[in-house]
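Engineer: Please read through the structure below; I'll follow up with questions.
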Amino acid sequence: MNRFLLTVIIFLFIGHEADAQNIRRLDVGFMKDGLDLQNPFAGGLNSPQINAVDLNNDGLLDAHFFDKAGEVHLTFLNNGSTDGAAYEFAPEFAENFPDTKGWVLLRDYNGDGIMDMFSYSDNPGIQGVKVHKGSYENDKISFTRLFHADGPHNLLSFLIPNGTYPQIAITDEDLPAIDDIDNDGDLDILTFDIGGATVEMFKNLSVEMGYGLDSLKFELYDDCWGNFKEAGLSSEIQLGTDTDICPSLWNPTVETRHSGSTILSFDDNNDGDKEIILGDLSGVSLVYLENGGDSINSFLVDFDPTYPSYDQPVDMPIFLASFYLDMDNDGNKDLIAAPNNFKSSEDDQNIWFYKNVTDNKFPEFEFQQNDFLVETMIDNGSGANPAFADVNGDGLIDMVVGNKTYFLPQGQKDSRLFFYENIGTEVTPKYRLADDNYLGLNQYNTSSSYFNFSPTFGDLDHDGDLDLLIGEETGKLLYFENSAGAGNPFIFSGIADLNYQGIDAGQGINPQIIDVNRDGLNDLLIGWRLGKVIYYPNTGSSSDPQFEPDQFMAPNIATFGGIDTRVIPGYDGSASPTMIDIDGEYFMYVGTQRGRIEVYENIDGNLDGEFTMVDSTFGGIREGQVTHIDIADINDNGKMDYIIGNSRGGLGFFTSDSSVPTNNLYNDNSLSIKILPNPTNDFVYFEVDGFKEGETELRVINSVGKVVLEKSLPYWKSGVDLSRFPAGIYFCEIVIGENRGLIKLIKN
């Protein structure tokens, strides 16, 4: 948005300092292709792992998604519907899920009817499984970490002959099967060995040792479960010919294995043993293996390399996981396929839903759709960088969102701008996707190798309208000059400047236009992947801005405020700054790689120094990784609203819970102003106590902070024609010397 002019509106709407705000989610309607989205702010989904769990203790199984892209828990309540709209985003239930990375499987290991949580190790560099026991607090599921005294690192372990207990080593890339493989009532584990060729079975001895189901005691029961091997560089399968002998690899020269396999176990033919479905790091299909043995001695006898080949096989790049659970409330468990690799996988049409059209004894799956639940969300592929602005000049705040890319094979990019038009009212905003390739920006993916677009709006040339500046992956700025004039729908008719002023600010850059040093010229702030924010002062004039392109040359400050959003030096920080003025003092909100929003103060008068971080996790917001924030009051309720983009291509809306302040910047020197009529259709009359001829100045500012009219008032009671301005909320500022006044105006 035009952040440099947001000041006046912020004066009215913020009644306390940034670190004291209470933040809650904001419910805003969204439409796509003429349909209302049921779960607009749940997205996106890039590499989700799907579990069934009763979140609210009502006896109905809800849905939990853990997305490896962003390491975020997403929770959905089940409304019992069978028409495809069964799951409604309920983020409040994710609050009690512990921080996790790698993978999550929810299983009831102790038989108390409450799901427990198995997940990847939280010990850096140590592969393994941690466990949290589930319980309910006020009908809301929560988890308590279990302590594993037998083995090291507080992870699941198994007994070996020398009497020690090493941990069960499962990588963060793999996804094991945690299931009752031997049908004795407790949960066992199937996982590929450290070489990635054979499956190991870790048998749970809880029942055998007389503990019932309340313990997790394991032994390595079978180091070649099912008597098969998987090839090293493909998902090709070699079945054994002897129930007692593990087959040897047919290509002994292949020694380098990879981690990267997923396992789903289920009884496909009601014979008491478990079949498995595999996903492989190098595969685009699921592989089904039939068990011809029994629950004690498994022996895989046949396989389908493109499962389900009897219907429409899964075909999705790359490295898949599968899940077996009832998603349509008909009592039959369905099959879901989704990517398990968030770095180079399908990120839009990426949840394949197969309905079980028979029963759970002899399931048969029919393909239904490849965007299950994703169709109910805002999902811009990978990455979402939002910016507020009134693009169509109707007085309502729209949004433009840049993404990193949609997935394409061979490393190609499909990066765009998305225009979300506000079709609601001043008090009830509602957005629709009006253009999914705004300004045709994806043409620059191939012609200039530009992608990962991060837009911002501001009046760089001081002509009263908002220009568009876009950061991108290689560190360049794309400049689009708006020629529409104040208050009009944006017109970017000229040729875009694809290397604005030769600035190269690193990689993955996020710009903002704002008058940092308060000299009347709009400067640039640019956050980038290294986690720093760069300050580029404007050394030109209001109509001819000039910037030194080298971030390390004066007057630029390459490490502005000492900000560094990296958790570990040398890793990504992905700083994304938004500076605003609150009661005459600058605060800076910074999105980060890890997903938190940092807030800084002590900026004014300290541009060469280090700023003070007043909040490292603003509002407790945790939308995933690579967050990008913008701020406006979109519903005219006197509270600031926040839009947060994330690495999964989704958006989250939040609002301040603070009340409208009783004072503002002008309380010590305010003027008495009247506007008649208010609301108005065209003409208004300003009555100003203390009027001075030749010294009384008027500025009219629209709802997103843009100055749409500046003029001197000739009389104590002066008429002003506003008929050419669109309907909406405006703020009228009167200045007489050191005295000021501000009043709100509604234009019908």
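Engineer: Only one of these conditions is not met by Phe388: (1) over 21 Å from Ser345 (Cβ atoms); (2) in contact with a strand residue (DSSP E or B) (Cβ under 8 Å, 6 or more places away or on another chain); (3) without any contact (Cβ under 8 Å) to a residue 40 or more places away in the chain. Which number is it?
Structural biologist: (3)
Engineer: Go through segment 576-593 residue by residue and tally those that are within 12 Å of the chain's Cα centre (by Cα) and open to solvent by 10 Å² or more (accessible area, probe 1.4 Å). Explain how you work it out, then say what you get.
Structural biologist: In the first step, residues of segment 576-593 are kept if they are within 12 Å of the chain's Cα centre (by Cα); the result is 591-593.
With the extra rule that they be open to solvent by 10 Å² or more (accessible area, probe 1.4 Å), the set shrinks to 593.
Within segment 576-593, residues that are within 12 Å of the chain's Cα centre (by Cα) and open to solvent by 10 Å² or more (accessible area, probe 1.4 Å) number 1.
Engineer: Here's another thing I want to ask about it. Within segment 563-583, how many residues turn out to be closer than 23 Å to Gly619 by Cβ, assigned to a loop (DSSP other than H, G, I, E, B) and not hydroxyl-bearing (Ser, Thr, Tyr)?
Structural biologist: The number of residues fulfilling the criteria is 8.
Engineer: Here's a check for you: in segment 317-371, which residue that is touching a Lys or Arg at 6+ places or on another chain (Cβ under 7 Å), acidic (Asp, Glu) and open to solvent by 40 Å² or more (accessible area, probe 1.4 Å) is nearest to Val287 (Cα to Cα)?
Structural biologist: For segment 317-371, the residue satisfying everything is Glu366.
Engineer: Does Arg432 count as touching a helix residue (DSSP H, G or I) at 6+ places or on another chain (Cβ under 9 Å), of a type outside the set (Asp, Glu), modelled with pLDDT of 95 or more and open to solvent by 40 Å² or more (accessible area, probe 1.4 Å)?
Structural biologist: no
Engineer: A further question on this structure: Out of all the residues in segment 486-530, which are outside any loop (DSSP other than H, G, I, E, B) and either among the aliphatic types (A, V, I, L, M) or more than 16 Å from Ile557 (Cβ to Cβ) (or both)?
Structural biologist: Asp497, Tyr500, Gln501, Gly502, Asn510, Ile513, Ile514, Leu524, Leu525, Ile526
Engineer: Any chance segment 166-189 includes a residue that's touching a Phe, Trp or Tyr at 6+ places or on another chain (Cβ under 6 Å), surrounded by fewer than 17 Cβ atoms within 10 Å (Cβ to Cβ) and closer than 25 Å to Ser47 by Cα?
Structural biologist: Checking segment 166-189: at least one residue is touching a Phe, Trp or Tyr at 6+ places or on another chain (Cβ under 6 Å), surrounded by fewer than 17 Cβ atoms within 10 Å (Cβ to Cβ) and closer than 25 Å to Ser47 by Cα.
Engineer: While we're on this one: Taking the options Val53, Val104, name whichever one is open to solvent by less than 10 Å² (accessible area, probe 1.4 Å), more than 21 Å from the chain's Cα centre (by Cα) and under 20 Å from Lys140 (Cβ atoms).
Structural biologist: Values: Val104 fails: more than 21 Å from the chain's Cα centre (by Cα).
That would be Val53, the only listed residue that is open to solvent by less than 10 Å² (accessible area, probe 1.4 Å), more than 21 Å from the chain's Cα centre (by Cα) and under 20 Å from Lys140 (Cβ atoms).
Engineer: Look through segment 512-525, keep the residues that are in contact (Cβ under 8 Å) with a residue 24 or more places away in the chain and open to solvent by 20 Å² or more (accessible area, probe 1.4 Å), and return whichever of them is farthest from Leu477 (Cα to Cα).
Structural biologist: Per the criteria, the residue is Arg518.
Rundown of residues vs (1) within 30 Å of Gly440 (Cβ to Cβ); (2) open to solvent by less than 20 Å² (accessible area, probe 1.4 Å), yes/no style:
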position: Gly487; (1), (2): yes, yes
position: Phe490; (1), (2): yes, no
position: Gly494; (1), (2): yes, no
position: Gly502; (1), (2): yes, no
position: Gly527; (1), (2): yes, yes
position: Gly561; (1), (2): no, yes
position: Gly595; (1), (2): no, yes
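Engineer: I would also like to ask the following. Search segment 286-305 for residues that are touching a residue at least 24 places away in the same chain (Cβ under 8 Å) and more than 30 Å from Ile351 (Cα to Cα) and pair each with any residue that is among the aromatic types (Phe, Trp, Tyr) and open to solvent by less than 10 Å² (accessible area, probe 1.4 Å) when their beta-carbon atoms are under 8 Å apart and the residues are at least 6 apart or on different chains.
Structural biologist: Ser298/Trp225
Engineer: Just the residues that are surrounded by 21 or more Cβ atoms within 10 Å (Cβ to Cβ) and over 17 Å from Asp116 (Cα atoms), please, taken from segment 56-73.
Structural biologist: Result: Asp67, Lys68, Ala69, Gly70, Val72.
Engineer: Here's another thing I want to ask about it. Taking the conditions exactly as written (farther than 30 Å from Leu320 by Cα, surrounded by 24 or more Cβ atoms within 10 Å (Cβ to Cβ), touching a residue at least 12 places away in the same chain (Cβ under 8 Å) and touching a strand residue (DSSP E or B) at 6+ places or on another chain (Cβ under 7 Å)), does Asp398 satisfy them or not?
Structural biologist: Yes.
Engineer: Considering only segment 722-748, state which residues are hydroxyl-bearing (Ser, Thr, Tyr) and in a strand (DSSP E or B).
Structural biologist: Result: Tyr730, single match.
Engineer: Condition check: in contact (Cβ under 8 Å) with a residue 40 or more places away in the chain and farther than 15 Å from Leu146 by Cα. Does Gly111 satisfy that?
Structural biologist: Yes; evaluated as a whole, the condition is true for this residue.
Engineer: Another one. So the check is Cβ under 9 Å with 6+ separation or different chains; which pairs have a first residue in segment 23-38 that's without any contact (Cβ under 8 Å) to a residue 60 or more places away in the chain and a second one that's open to solvent by 40 Å² or more (accessible area, probe 1.4 Å)?
Structural biologist: Every condition considered, the pairs that remain are Gly34/Arg432; Leu35/Glu375; Asp36/Lys430.
Engineer: Pull up segment 710-731, narrow it to residues that are more than 37 Å from the chain's Cα centre (by Cα) and under 25 Å from Ile423 (Cα atoms), then point me to the one that is most open to solvent (accessible area, probe 1.4 Å).
Structural biologist: Step by step, filter segment 710-731, then rank; the result is Arg724.
Engineer: Consider Glu92 against the criteria (1) of a type outside the set (Ser, Thr, Tyr); (2) open to solvent by 30 Å² or more (accessible area, probe 1.4 Å); (3) within 24 Å of Gln368 (Cβ to Cβ): it satisfies all of them except one. Which criterion is unmet?
Structural biologist: Going through the list (1) of a type outside the set (Ser, Thr, Tyr); (2) open to solvent by 30 Å² or more (accessible area, probe 1.4 Å); (3) within 24 Å of Gln368 (Cβ to Cβ), Glu92 breaks only (3).
Engineer: Moving on to the next point. Is there a residue in segment 130-143 that is open to solvent by 10 Å² or more (accessible area, probe 1.4 Å), without any contact (Cβ under 8 Å) to a residue 60 or more places away in the chain, in contact with a helix residue (DSSP H, G or I) (Cβ under 6 Å, 6 or more places away or on another chain) and more than 21 Å from Glu219 (Cβ to Cβ)?
Structural biologist: No, that holds for no residue.
Engineer: Out of the residues in segment 401-418 that are at pLDDT below 95 and over 19 Å from Ser47 (Cβ atoms), state the one that is surrounded by the fewest Cβ atoms within 10 Å (Cβ to Cβ).
Structural biologist: For segment 401-418, the residue satisfying everything is Gln410.
Table: residues versus (1) modelled with pLDDT under 95; (2) under 34 Å from the mean Cα position of the chain (by Cα); (3) under 23 Å from Lys203 (Cβ atoms); (4) not in a strand (DSSP E or B).
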{"site": "Gly293", "(1), (2), (3), (4)": "yes, no, yes, yes"}
{"site": "Gln312", "(1), (2), (3), (4)": "no, yes, no, yes"}
{"site": "Pro317", "(1), (2), (3), (4)": "yes, yes, no, yes"}
{"site": "Ala321", "(1), (2), (3), (4)": "no, yes, no, no"}
{"site": "Tyr324", "(1), (2), (3), (4)": "no, yes, yes, no"}
{"site": "Ile336", "(1), (2), (3), (4)": "no, yes, no, no"}
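The values are calculated or read from the model by the stated rules, or taken from the named source; none is laboratory data. Just so it is clear, the structure is predicted and the values come from calculations on it, not from any experiment. Cβ coordinates were reconstructed from backbone atoms using ideal geometry, including for glycine residues, and neighbour counts include every protein chain displayed. For accessibility, only protein heavy atoms count, side chains too; no ligands or nucleic acids. Shrake-Rupley method; radii C 1.70, N 1.55, O 1.52, S 1.80 Å.
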